[in-house]
Structure formats: structure tokens, C-alpha cells
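Q: Handing you this structure, nothing more for now.
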Amino acid sequence: MFKNILLVYSEKLTEQHISAVESIKGLISKVGIKNKLINVRDLEFKHFADRDLVITAGGDGTVIRTAHYIEDVPLLGINSEPEYSEGALTSLKDDEIDSLSEILLGNYNVLDKERAVAIKNGHVIKERAINEIYIGTEVQFATSRYVLKYRGNEEEQRSSGVLVATAGGSSAWYRSAGGKPFNHEKGKLAFLVREPYFGNLYQPTLLSGEILPGESIFFEGKKYGGGIVAIDSNKAYGFNNGDNLEVRISNKPLHVLTKK
């Protein structure tokens, strides 16, 4: 049985959300497990020390923001308002909170979800992506400029940016951009170049592909300002001329609890 739970809730102030948070808190306390309640906007890495389970109450955004602080602790996401969040990353809906008691007593399954890690100029970016990593410009109508290196081939490209997606993220932005969704059983990442530019100087061919365990995709920045690498559309870092970036599968998957 779990001994120390962190319950992370979103900033929503609706009656339905507040009621869900109170119900979750009540169930945890009823089972007799030590716990701490915290708003997602106040999260710090120190809050995850000695926890053996993290529960989120909110939507997919709350799961994403919380997961960026997690290394090995399992996570259970609860969608407090299914009418307003897809709940693609959550395991329970607000009307399933009663089943939390069984999960807390050990009746659950674990799904390991791949995450992507980015290494910029030799330094690991601490947030691991649960959905996707975007390499491009901060202003979407500007042109992204970079050299893409993949499986021994490389070419300079102009585009609307590149998405490197996990299985979980393959049904989100990646699919909207034209990518084909895939499941976690594939154990891979996939990349997609958005709106590549073709002209006399550029005839790109490295437009999509898989990134398997042990493989990486590399980028060299060619834009003089305005370039970024964004983790799950939540955290962004500068990526400009002379910067180098490596993206690969993280060796720290996200351990997601689901009900049996």
C-alpha cells in the first residue's frame, strides 16, 4: 500500500472541480495514507521527495505540468471535469473517484509511457516530454531554420518547425500536423517536419521517421534569434544559430496507474 501521496490540483475554481478534489482528499485520508495537497502552479522538485504516488486532479494540462517534475514516482491522473478536458492523459473521470480506494489498496495496473528527452549543447533539459518536443520559431508565422541530422544523413531545412512525438502525443499536435498516431507498444518516438519549404535552394527529403531505442535525432540551429525548443508546449528554451540539440527516448518512462 502507498505511504506518502502528493495530490496536485489545477487552478480551476468551479464547483465540480473543487468537489472532486475534496472527494479525492477524503478517500486518501480515509484509507489512512499520509498526503500533501498542492496547487500545480506552486510545484517544485522538492515536493516530490519521498513520495510513492502522485495524483493529479484537473485535466491533461495538470498531468503534463506535474509529469515534468517526476522521475520514477508513479502517477494517477483524475479528470475532474470531463466536459472541458479530453482526459487523454488521465486514468479516471470524476464519476470514477470511488474506484480510487481499490487502487490505493494495490488493485491497479501500471502502464509505462515513453517520454522524450532533449539535450541542448550537451546539457540535459530537465523536463521530459510526455507529448512532444517542438523545434522551431516562437512566432508561428516566422520560418524555422536548422540542419536536421538523422541516421547518418543531414540537410538544411526551412519549415514551420519539427515535432518529435511520443506515442501519447501522437494523437495530439502531431496528428493535427499530419502525423499518423501510434501506440506505446511500438516503444518509439516519431518526428514530423511541418510545412517544409521547397525551392531552388532547398529540396528536403528527411521529413518524417521513427526514433527507436538507442537512436537520436539531431538539430543544429541556423536562425539568428526567435528560435525555441518547447517541451509539451509548456516550457521553452532558446534555440538559435550555433545551438545543437539531441532528442531521444528517455530512460525514465512515466509510470501511469490505471484501474484493473
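Q: Assess whether ALA230 counts as being in contact with a strand residue (DSSP E or B) (Cβ under 6 Å, 6 or more places away or on another chain), assigned to a strand (DSSP E or B) and surrounded by fewer than 16 Cβ atoms within 10 Å (Cβ to Cβ).
A: Spelling it out, it is not the case that ALA230 is in contact with a strand residue (DSSP E or B) (Cβ under 6 Å, 6 or more places away or on another chain), assigned to a strand (DSSP E or B) and surrounded by fewer than 16 Cβ atoms within 10 Å (Cβ to Cβ).
Q: Do you know which of the residues in segment 109-145 that are among the β-branched types (Val, Ile, Thr) and within 18 Å of the chain's Cα centre (by Cα) is nearest to GLY61 (Cα to Cα)?
A: ILE130
Q: Still on this structure: Taking the residues in segment 29-75 that are in a helix (DSSP H, G or I), among the β-branched types (Val, Ile, Thr) and touching a helix residue (DSSP H, G or I) at 6+ places or on another chain (Cβ under 7 Å) as candidates, determine which candidate is nearest to GLU11 (Cα to Cα).
A: Residues of segment 29-75 that are in a helix (DSSP H, G or I), as a first pass: 29-31, 40-42, 45-48, 60-67.
Of the ones still in play, those that are also among the β-branched types (Val, Ile, Thr) are 31, 40, 62-64, 66.
Filter once more, keeping what is touching a helix residue (DSSP H, G or I) at 6+ places or on another chain (Cβ under 7 Å): 31, 40, 62, 66.
Values: VAL31: 26, VAL40: 7, THR62: 9, THR66: 13 Å.
Checked segment 29-75; the qualifying residue nearest to GLU11 (Cα to Cα) is VAL40.
Q: Are there any pairs with C-beta distances below 8 angstrom linking a residue in segment 213-227 that is touching a residue at least 24 places away in the same chain (Cβ under 8 Å) to a residue that is among the hydrophobic types (A, V, I, L, M, F, W, C) and surrounded by fewer than 17 Cβ atoms within 10 Å (Cβ to Cβ), with the two at least 6 apart or on different chains, and if so which?
A: PHE219/VAL147; GLU220/VAL147; LYS222/VAL147; GLY226/VAL139; GLY226/ALA142
Q: Moving to a separate point now. Any residue at all in segment 171-189 that's surrounded by 21 or more Cβ atoms within 10 Å (Cβ to Cβ), part of a strand (DSSP E or B) and either over 14 Å from the mean Cα position of the chain (by Cα) or without any contact (Cβ under 8 Å) to a residue 40 or more places away in the chain (or both)?
A: Initial filter on segment 171-189 (surrounded by 21 or more Cβ atoms within 10 Å (Cβ to Cβ)): 172, 174, 179, 189.
Remaining after also requiring part of a strand (DSSP E or B): 189.
Those still in the list that are either over 14 Å from the mean Cα position of the chain (by Cα) or without any contact (Cβ under 8 Å) to a residue 40 or more places away in the chain (or both) too: none.
No, every residue in segment 171-189 fails to be surrounded by 21 or more Cβ atoms within 10 Å (Cβ to Cβ), part of a strand (DSSP E or B) and either over 14 Å from the mean Cα position of the chain (by Cα) or without any contact (Cβ under 8 Å) to a residue 40 or more places away in the chain (or both).
Q: In segment 21-36, what residues are in contact with a strand residue (DSSP E or B) (Cβ under 8 Å, 6 or more places away or on another chain) and buried (at least 16 other Cβ atoms within 10 Å of the Cβ)? Walk me through how you get there before you give the answer.
A: Looking only at segment 21-36, we keep the residues that are in contact with a strand residue (DSSP E or B) (Cβ under 8 Å, 6 or more places away or on another chain), and these are 21, 24-25, 28-29, 33-36.
Residues satisfying the conditions are VAL21, ILE24, LYS25, ILE28, ILE33, ASN35.
Q: Kindly check whether there is at least one residue in segment 140-161 that is closer than 22 Å to ASP112 by Cβ and either modelled with pLDDT of 95 or more or in a loop (DSSP other than H, G, I, E, B) (or both).
A: The answer is no, given that none of the residues of segment 140-161 is closer than 22 Å to ASP112 by Cβ and either modelled with pLDDT of 95 or more or in a loop (DSSP other than H, G, I, E, B) (or both).
Q: Which condition breaks for SER101 when tested against (1) farther than 30 Å from ALA20 by Cα; (2) of a type outside the set (D, E, K, R); (3) not assigned by TED's automatic domain parsing to the domain that holds ILE228?
A: The one condition SER101 does not meet is (1).
Q: Something else: Report the residue count in segment 1-28 for those that are more than 20 Å from the chain's Cα centre (by Cα), of a type in the set (Val, Ile, Thr) and in a strand (DSSP E or B).
A: Going through segment 1-28 one residue at a time, the tally reaches 1.
Q: Report, by residue number, each residue of segment 91-135 that is at positive phi and at pLDDT 95 or above. Write out each step before concluding.
A: Residues of segment 91-135 that are at positive phi, as a first pass: 106, 121-122.
ASN121, GLY122, listed by residue number.
Q: Closer than 21 Å to LYS235 by Cβ and not aliphatic (A, V, I, L, M) - does that describe any residue in segment 16-39?
A: yes
Q: Continuing with this model, one more query. Would you pick out the residues in segment 126-143 that are surrounded by 13 or more Cβ atoms within 10 Å (Cβ to Cβ), over 23 Å from HIS184 (Cα atoms) and not hydroxyl-bearing (Ser, Thr, Tyr)?
A: The answer is GLY136, GLU138, ALA142.
The values are calculated or read from the model by the stated rules, or taken from the named source; none is laboratory data. Predicted, not measured: the structure shown is a model, and the values here were computed from it. Ideal geometry is used to build each Cβ from the backbone, glycine not excepted, and the neighbour counts take in all protein chains shown.
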